[in-house]
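Where a number appears in this text, it was derived from the coordinates with a stated rule and is not lab data. Values in this document were obtained by computation on a predicted structure and should not be read as measured data. Reconstructed Cβ throughout: ideal geometry from the backbone, glycine too, with neighbour counts over all protein chains shown.
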Amino acid sequence: MANTLNVVINKVSLSYHITPKKITIILQNQGTSANGFVQLAPRRSEFFTTPSQDFDYQDWLNSLAVHEMRHVAQFDKLTGYLGKPFFEELALAIFGIVLPPWFYEGDAVGIETSLTNAGRGRMPEWDVSFRTNTLSTENFSYSKDYFGSVKNITPGYYQLGYYMVTKLRRDHGPNMIDSLMKRMAKLPVRPYNLSNSIKKITSLTTAKLHDSTVDELRSKWRDQLENVKPLAYPILPVKKANGPVNYLMPAASSAGKIIALKNGKTSVPKLVEIDSTGVEKTIRKIGIQEDPYFNYGAGKITWDEYRYDKRFQKRSFNVINILDLKSREYRQLTHHSRYFAPALSPDGKKIISVNVSYENKITLNELDSRDGRVLNSFPTPSNLMMQYPQYNADGTKVIVTAVGQQGTALYELNCNTKSFDQLIPFKSQLISHPIYADNNIIFKAHFNGIDNLYLLNRSTEKIQQLTSVKFGAYNPSYDRSRKRILFNNYNFNGYEISYLDPEAIKPVSLDNITDASVNYIEPVVRQEGNQDVFDSIPRATYSTKPYREIPHLFYFHSLYPVVEKNDFYDDYNLGLKIQSDNKLNTLNFYTGYQFNRALRKSEYFAGFTYSRFYPIINIQYINQARLIYQRQGNGAPSIPVSWRENQWEAKVTFPFIFNQHNYVYSSGFEVGTSYTTRYDVENRPKSFIDILNFPMEYRAYFSRNSLTGPRDLAPPWGQNFAVEYNNFPFQNTLTGELLTFKSTFYFPGILPHHALTASFNYQNATGAYDGTIDIPKVSGYSNLKYSGKLINTLLTNYDFPIFYPDWEIGPLAYIKRFKGGFFSDFENVGHNNDFSPRTFGIKLGADMNLLRFYLPNVDLGGKIIFVNEKPHQNPIFEVNLNLDF
């Protein structure tokens, strides 16, 4: 990887005419998610080394290197003049504001495709939704394609950006992207900087560039269909859904029904059983998956699920689950494992699965389906990555896709001899999901430019095309009892279930197939020199040494302005702080100065958070000025009492997050305290406290929430609790306690995607805490008359979606959803035998994106609050704005 990166970083930067500055690369091998990112503040790139079961047809880390190093070049082209120790955060902010995700991700996908023989831009599966939408409907707007929709399937900003950036380079030459970045870098505060620059250079607005790109693609994709002449295939009936839905991995059960994994805009992931009339029955809701997947065999279902590490977010696991359909017995077979794509043997007694070690050693492991015990482990040839293994009819052989830098191939494992045979040579194809069909092998590939099913004839060793669909055929399975092939047929509303009966199977030799691929990237490939960036990687040897944490604890990267509201006075504190975050995220440190404008005094502060171990340790210090007004005797006027104080605060947190099935759990415990010394006291009162000794704060919390679908307004089921307790165990001159209990419960509504929420909260405040309100209050509280000490609240809400307009209001707003609701809020329930709500009303809101920023997602709404009190009070109007990053 070190040799590769030294070559790649220069080649991906050529079209920007820069040499990027050095950057730290961290190889994260503890997780099971295949991903990567580049970040400033601190400057680093992280590669998550575990390959997935779905990526392009080359070495995973090589693919990642090209893509992520292009992001490094983008950062340095746009903000390279800003760096540590003061301006990395500013550079990151400028990058995020100036460049929309579609641009920087589309540019990176374009480079990974033009500089290699693979890349996502060459995969028809990757853009299938964009292609299908373009050929099936009227144009979606630029905003809808970019920001997404909860009404329709949209391509995503990676796919959209790849084609829009490639369009710019196709039409305006190799220097187009460099010219854009130069202009934006000269004046980064220019409103709508990218759109303005595109229009200045091309005379096109961003929306018109989108429309022009879509028009050109539509023409090319129509020509492609003319060449391949797709056929129609029967679609199995399923229960109609009010929106897009997928029925993935169709498999015929022994009962003659179809089992599928259902997900989409209207459904959380779940296993379903479908009969011949389309009647659907839920088998089981399942949990988070790296890739949608399950396998059926001998009356059992197995699948893999993602599991959080309970403490550290960069560590995760992939476990195997099994369900017996007859007995409904469920078991999680493995724990803290790294298994992918498990498949059952025909007798259901064994499971074959891909195992990826922390050293990225790839093996196929055979497990006992009763207890998860490893029966056999088969190291793969040349450590090739393997995907989607499947047994043959008698369980003695396994077919699997092998992925290497030279492409993909099919390998067969003989379980008895423990040897692998290569069945077809490596090809620049995304070959996936191979299965046995009697003596032959069926798999998905895109030899004609569209994903289709192909057959490897074992007697002739020739490849033949089985399907010729319009958009894409995926996930084949073989129904042995009826000798038919089930598969997913992609259409406008998602992955449907089609089939090939024996009499309908008419294989076409690969020799007679025309490759109608739309090589949209080809002009950019020529601009980049028609090179494969991996052709000339040197084999230098680098010395290694252990990483020592202590010398690397501090990395000062950014200077921040401080604009802080003064808690006691109608003014602001102004100042500066410098921030340090080390590369491994174990120590966050800051220190700074601020001027208290209300008191005209200087203040100093510092703090750190250390997160390497199970408890997170947080220490903060501030030296600050203070002022109160206090009477010195009965009838005496209030006089100012001022002082300075040193305040130390410490908190230890034990956070835990974990998931099981379709629920996510979060729990934790916190202990906090502080120590304050006061000096330079003017007009000292008799009761003044010079030292405040360790007031204690305790908090324990627990939550359990089910997974939500894209249209759900809240978890269908959820329970959330938190208990807090504050007191003064070490302070003789100060007494008091504060006990609070907070809870939120989620329930399903009357109709799908509706949500009923109830929040009960209680507090008991005495002594120094008397008058403190630390629980949620009823709606409109600040406009209500004081009704006595607050003891508890019960807040109830019923929320529902109204419609999904996908309205684009020029560059100002894009509205995805309107939603409404009713609420009724109770205060001091049960006291004085009062069980009536204090306030109630209706609310209306909308989910939207503003000013063409992808983030934050904006929830803008309002409430009409009616007060249930006498004398009559006019309704209260409130506006609510929530930002979700």
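With a 10 Å Cβ neighbour count serving as the proxy for reagent exposure, in which order, fewest first, do T213, T757 appear?
The fewest-first ordering by Cβ neighbours comes to T757, T213.
When E682, E280 are ordered from fewest to most other Cβ atoms inside 10 Å of their Cβ, what list results?
Ranking E682, E280 by Cβ neighbours within 10 Å, fewest first, gives E682, E280.
What does a probe at E697 reach in the stretch 733-752, counting residues whose amide N is under 19 Å from the point 7 Å along Cα→Cβ?
734-743, by backbone N distance to the label point.
Just subtract the alpha-carbon distance of L510 and N416 from 0.36 nm times their residue separation and send over the number in nm, one decimal.
Result: 30.6 nm gained on full extension.
How charged is the neighbourhood of L204? Take every other residue with its Cβ under 11 Å from the Cβ of L204, and add Lys/Arg as +1 and Asp/Glu as -1.
Neighbour charge sum, excluding L204 itself: +2.
Calculate the dipole size of the chain relative to its Cα centre from +1 charges on Lys and Arg beta carbons and -1 charges on Asp and Glu beta carbons; express the result in debye to the nearest 20.
420 debye
I'd like the FRET efficiency for R218 and D371, computed as 1/(1 + (r/R0)^6) with the beta carbon distance as r and R0 of 60 Å, rounded to 0.05.
Computed FRET efficiency for R218 and D371 comes out at 0.65.
Decide, for the stretch 428-524, between rounded, prolate and oblate: order the square roots of the alpha carbon gyration tensor eigenvalues as a ≥ b ≥ c, take rounded if a/c falls under 1.5, and otherwise choose prolate if a/b is larger than b/c, else oblate.
Oblate, because a/c is 1.5 or more while a/b does not exceed b/c.
Step through the table entries K350/K427; K300/K397; K22/K144; K144/K220, compare each Cα-Cα distance with 29 Å, and write down the pairs that go over it.
Over 29 Å Cα-Cα: K350/K427; K22/K144.
In whole percent, what relative contact order does the chain give with Cα contacts below 8 Å and a gap of six or more residues?
Over the chain, the number comes to 8 percent.
What net charge do the residues around Y814 carry, taking every other residue with its C-beta under 9 Å from that of Y814, with Lys and Arg at +1 and Asp and Glu at -1?
Computed value for this residue: +1.
Any idea which of L738, I286, N833 is furthest toward the positive side of the dipole for the chain, if Lys and Arg beta-carbons carry +1 and Asp and Glu beta-carbons -1?
L738
Rounded to the nearest 5, what % of DSSP beta bridges with both residues in the chain are antiparallel?
Percent antiparallel among DSSP bridges in the chain is about 95.
Multiply the residue gap between E273 and V652 by 0.36 nm, knock off their C-alpha separation, and tell me the result in nm, one decimal place.
Using 0.36 nm per residue and subtracting the Cα-Cα distance, I get 131.6 nm.
May I ask for the equivalent-ellipsoid semi-axes of the stretch 46-116, computed as the square root of five times each C-alpha gyration tensor eigenvalue and listed largest first in whole Å?
Equivalent ellipsoid of the stretch 46-116: 26, 13, 10 Å, largest first.
Mind checking the stretch 735-788 for chymotrypsin sites (Phe, Trp or Tyr not before Pro) that DSSP puts in a loop (not H, G, I, E or B) and that have at most 16 other Cβ atoms within 10 Å?
Answer by residue number: Y786.
Rounded to the nearest Å, what's the spacing between the alpha carbon centres of the stretch 358-391 and the stretch 1-73? Just the number, please.
27 Å
Give me the net charge for the shell around Q465: Cβ to Cβ below 15 angstrom, other residues only, Lys and Arg +1, Asp and Glu -1.
+3
Give me a comma-separated list of calculated 3J(HN,Hα) values for the stretch 255-260, in order, Karplus coefficients 6.51, -1.76, 1.60 applied at θ = phi - 60°, integers in Hz, x for any Gly or Pro.
8, x, 9, 10, 9, 8
Starting at the first residue of the stretch 551-557, write each ³J(HN,Hα) from the Karplus equation 6.51 cos²θ - 1.76 cosθ + 1.60 with θ = phi - 60°, in whole Hz, x for Gly and Pro.
Couplings: x, 10, 5, 10, 9, 7, 10 Hz.
Just from its helices, what would the mean residue ellipticity at 222 nm be for the chain, if runs of 4 or more DSSP H residues each count -39500 (n - 2.57) and the sum is divided by every residue, rounded to the nearest 500 deg cm²/dmol?
-5000 deg cm²/dmol
Based on alpha-carbon centroids, what's the gap between the stretch 471-487 and the stretch 258-282 in Å, whole number please?
Between the Cα centre of the stretch 471-487 and that of the stretch 258-282, the gap is 17 Å.
What are the ³J(HN,Hα) couplings of the stretch 757-764, residue after residue, when phi is run through the Karplus curve with 6.51, -1.76, 1.60 and θ = phi - 60°? Round to Hz, x for glycine and proline.
Result, rounded to whole Hz: 10, 10, 10, 10, 9, 9, 8, 9.
Quick check: pseudo-label points 7 Å beyond the Cα along Cα→Cβ at D535 and K310, how many nm apart are they?
5.4 nm
From the residues S353, A2, P381, which one has its Cα farthest along the dipole of the chain in the positive direction, the dipole being from +1 and -1 charges on Cβ of Lys/Arg and Asp/Glu about the Cα centre?
Towards the positive end, the residue furthest out is A2.
Return the distance in nm (one decimal) between the two label points of a simple spin-label model at N227 and N196, each offset 7 Å from Cα along Cα→Cβ.
Label-label distance for N227 and N196, simple model: 4.2 nm.
Want the number for F613 to Q332: 0.36 nm per residue separation, take away the alpha-carbon distance, what's left?
Additional length available on full extension: 98.3 nm.
Place a +1 charge on the Cβ of each Lys and Arg in the stretch 1-131 and a -1 charge on the Cβ of each Asp and Glu, then give the dipole magnitude about the Cα centre in debye, rounded to the nearest 20.
It works out to roughly 420 debye.
With +1 assigned to the C-beta of every Lys and Arg and -1 to the C-beta of every Asp and Glu, and no other charges, what is the dipole magnitude of the stretch 514-635 about the Cα centre in debye, to the nearest 20?
The calculation lands at about 900 debye.
Mind ordering 854-867, 312-325 by average Cβ neighbours within 10 Å, highest first?
By packing density, highest mean first, the sequence is 312-325, 854-867.
Which whole-number percent is the relative contact order of the stretch 552-603 (Cα, under 8 Å, 6+ apart)?
Here the relative contact order equals 34 percent.
Counting pairs of alpha carbon atoms under 8 Å apart in space and at least six apart in sequence, what relative contact order in percent does the stretch 271-412 give?
Computed value for the stretch 271-412: 14 percent relative contact order.
Treat the stretch 672-760 as a sphere of radius equal to its Kirkwood radius over Cα pairs and apply Stokes-Einstein at 10 °C in a medium of 1.306 mPa s; give the translational diffusion coefficient in µm²/s, rounded to a whole number.
Once the numbers are plugged in, D ends up at 95 µm²/s.
Under a crude label model (7 Å from the Cα following the beta-carbon direction), how far is K427 from L851 in nanometres?
Taking the simple label geometry, K427 and L851 are separated by 5.1 nm.
Using 1/(1 + (r/R0)^6) with R0 = 51 angstrom and r between the beta carbons of N833 and T396, what's the FRET efficiency to the nearest 0.05?
0.10
Considering the options I362, G718, T796, tell which one lies farthest towards the positive end of the dipole of the chain, charges being +1 on Lys and Arg and -1 on Asp and Glu at the Cβ, about the Cα centre.
So the residue furthest toward the plus end is T796.
Going by how many other Cβ atoms sit within 10 Å of their own, how do M176, M249 line up, fewest first?
Least to most surrounded, the residues fall as M176, M249.
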